[in-house]
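The values are calculated or read from the model by the stated rules, or taken from the named source; none is laboratory data. Small disclaimer: the values here were computed from a predicted structure and weren't measured. So basically every Cβ, Gly included, is an ideal-geometry build from the backbone, and we count neighbours across all protein chains shown. To get the accessible areas, we keep the full protein, side chains included, count just its heavy atoms, and leave off ligands, DNA and RNA. Shrake-Rupley method; radii C 1.70, N 1.55, O 1.52, S 1.80 Å.
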Amino acid sequence: MRACYLIHRICILTALALTSPLALSQAGLPDLKAAVDAAWQRSPLGRTLEARRGETIASREAAQSWIAGSPSVGLSQRSDRWTERDGVRETDVSLSAPIWFPGQKSARQALAQTSSDDLETQITNARLAIAGEVRERMWAVAAAREALKEVQDHQHHLEGLAEEVMNRVKAGDLARTDGMLAQQEVLAAQGAVTSAQAKLQEAQARYMALTGQAESATPEPEPVVTQNAAHPRLLAARSSLDRAQAAHKVVTATRSDPPTVGVSMRREQDTFAGGSSRSVGIAVQIPFGTNARNRPLETAALTQIQTAAAEAAQAEAVLEGDLDLARKQLATAEQALGTANTRATLMREHTQLIEKAFRLGERGLAELLRSEALSHEAEVAVHQQQIAVGLARARLNQAFGVIP
């Protein structure tokens, strides 16, 4: 009984060591971060978003300019060479460009800045989504690897037991049917190993497709954060709303197309004998805004605001639900781990007693195999729950918006 008590205490301490934040090693986090970085580099969305940084820089530079479009140069010449031939000539050179009003320029600058901020939040949110996929697939590989290890260990144990049974059958201590039963259990264990290997290969293939890494490092339970800054998804939704509002201000400030200002220089000569004169002209063209032009633009801008506001409200509600669910799942997984440890301890003690009785000839092989199967099932449940606790911790950090 003293030995059973010590085994029970060791199992409890092992479970606490696996789930206590103080015992969590930080060595697993660089592996997770490296996997997230690798997956981000392979993500088409990530490459697209980062490439758009150049667009936002160009937009901010363009918003600093007073010129609303490309300037133009004009040249015209008038002469009576083909008519009267009195030597009348007129040459006109002009330079014009559309310009922004002060309110229009400041509104466009604000839009360019909010667009840049929105892009950065979208990048952060997309990276968080990638991190969530990496967490799920990394723990899936860990679960498949642990399942394979368990069935392999069980197979080796059954092979040893079958060898002992066959020796006793040859010695006449057991019936031949007991030897056949032991061999059938070994064959069943081999089939379980083959199935577990296939599942591990599938999980590794999914992980490799995401990260490009052939092997997945065994993840360690992440330290659970108790408080975090605003969630990247919520920040992305709010920044989209800010950008929509800034775009609406641009539409409001730009009630018409930008005015065009031009400068011209004219040289005139009346006749061959007469002198020439020069003059400078300034021209301004101010377009008028109409409902046909402004109404569709304003309606589209207001639609974007309403859509962004609805998405921000929905994101906040969804995140609150995800966080509450992640907390409950972690609590359930930790409780299930404690139960699994207690069950495994009892089953180990039970199997030890049955095995001792079997060697003394007091119990049959079928009863021993039944106890061995239940004990193995209990051990597997412990390791599965350890994986479940690690995955639940990762999901809780994901719900908090923690990016490795």
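Computed quantities for the displayed model
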item	result
One residue from ARG267, ARG233 being assigned to a helix (DSSP H, G or I), open to solvent by 70 Å² or more (accessible area, probe 1.4 Å) and of a type outside the set (S, T, N, Q)	ARG233
Subset of the range 166-186 [open to solvent by 70 Å² or more (accessible area, probe 1.4 Å) and either touching a Pro at 6+ places or on another chain (Cβ under 7 Å) or not in a helix (DSSP H, G or I) (or both)]	ASP173
Residue identified as touching a residue at least 24 places away in the same chain (Cβ under 8 Å), surrounded by fewer than 13 Cβ atoms within 10 Å (Cβ to Cβ) and not β-branched (Val, Ile, Thr) among GLY212, GLY191	GLY212
Close pairs from the range 368-388: first more than 11 Å from ILE354 (Cβ to Cβ) and modelled with pLDDT of 85 or more, partner surrounded by 20 or more Cβ atoms within 10 Å (Cβ to Cβ) and among the aromatic types (Phe, Trp, Tyr), Cβ under 8 Å, at least 6 apart	ILE387/TRP139
Hey, ASP257 assigned to a helix (DSSP H, G or I), under 30 Å from PHE101 (Cα atoms) and open to solvent by 60 Å² or more (accessible area, probe 1.4 Å) or not	no
Among the residues listed as ALA344, ALA313, the single one being in a helix (DSSP H, G or I) and in contact with an Asp or Glu (Cβ under 7 Å, 6 or more places away or on another chain)	ALA344
Hits in the range 215-228 (condition: free of Cβ contacts under 8 Å to residues at least 24 places away in the same chain and either on the phi > 0 side of the Ramachandran plot or among the acidic types (Asp, Glu) (or both))	GLU215
Residue within the range 64-83 that is in contact (Cβ under 8 Å) with a residue 40 or more places away in the chain, open to solvent by 30 Å² or more (accessible area, probe 1.4 Å), hydroxyl-bearing (Ser, Thr, Tyr) and in a strand (DSSP E or B) present	no
Pick from the range 201-227, criterion assigned to a helix (DSSP H, G or I) and closer than 17 Å to GLY390 by Cβ, ranking: nearest to the chain's Cα centre (by Cα)	TYR207
Of the criteria (1) at pLDDT below 90; (2) closer than 30 Å to GLN384 by Cα, which one ARG60 fails	(2)
Filter result for ARG206 (buried (at least 18 other Cβ atoms within 10 Å of the Cβ), in contact (Cβ under 8 Å) with a residue 12 or more places away in the chain and not aliphatic (A, V, I, L, M))	no
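Condition check ((1) open to solvent by less than 40 Å² (accessible area, probe 1.4 Å); (2) in a helix (DSSP H, G or I)) across all residues:
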{"site": "VAL93", "(1), (2)": "no, no"}
{"site": "SER96", "(1), (2)": "yes, no"}
{"site": "ALA112", "(1), (2)": "yes, yes"}
{"site": "GLU146", "(1), (2)": "no, yes"}
{"site": "GLN155", "(1), (2)": "yes, yes"}
{"site": "GLU164", "(1), (2)": "no, yes"}
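Rundown of residues vs (1) under 16 Å from ALA142 (Cβ atoms); (2) among the aliphatic types (A, V, I, L, M); (3) more than 48 Å from the chain's Cα centre (by Cα), yes/no style:
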site	(1), (2), (3)
ALA357	no, yes, yes
GLY361	no, no, yes
LEU369	no, yes, no
HIS376	no, no, no
GLN384	yes, no, no
ARG395	yes, no, no
PHE400	no, no, no
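Residue-by-condition table, conditions (1) in contact with a strand residue (DSSP E or B) (Cβ under 9 Å, 6 or more places away or on another chain); (2) in contact (Cβ under 8 Å) with a residue 40 or more places away in the chain; (3) open to solvent by 60 Å² or more (accessible area, probe 1.4 Å); (4) closer than 30 Å to ILE123 by Cβ:
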| site | (1), (2), (3), (4) |
| --- | --- |
| ARG238 | no, yes, yes, yes |
| LEU241 | no, yes, no, yes |
| ALA247 | no, yes, no, yes |
| ARG278 | yes, no, yes, no |
| ALA283 | yes, yes, no, no |
| ARG295 | no, no, yes, no |
| THR307 | no, yes, yes, yes |
| GLN329 | no, yes, yes, yes |
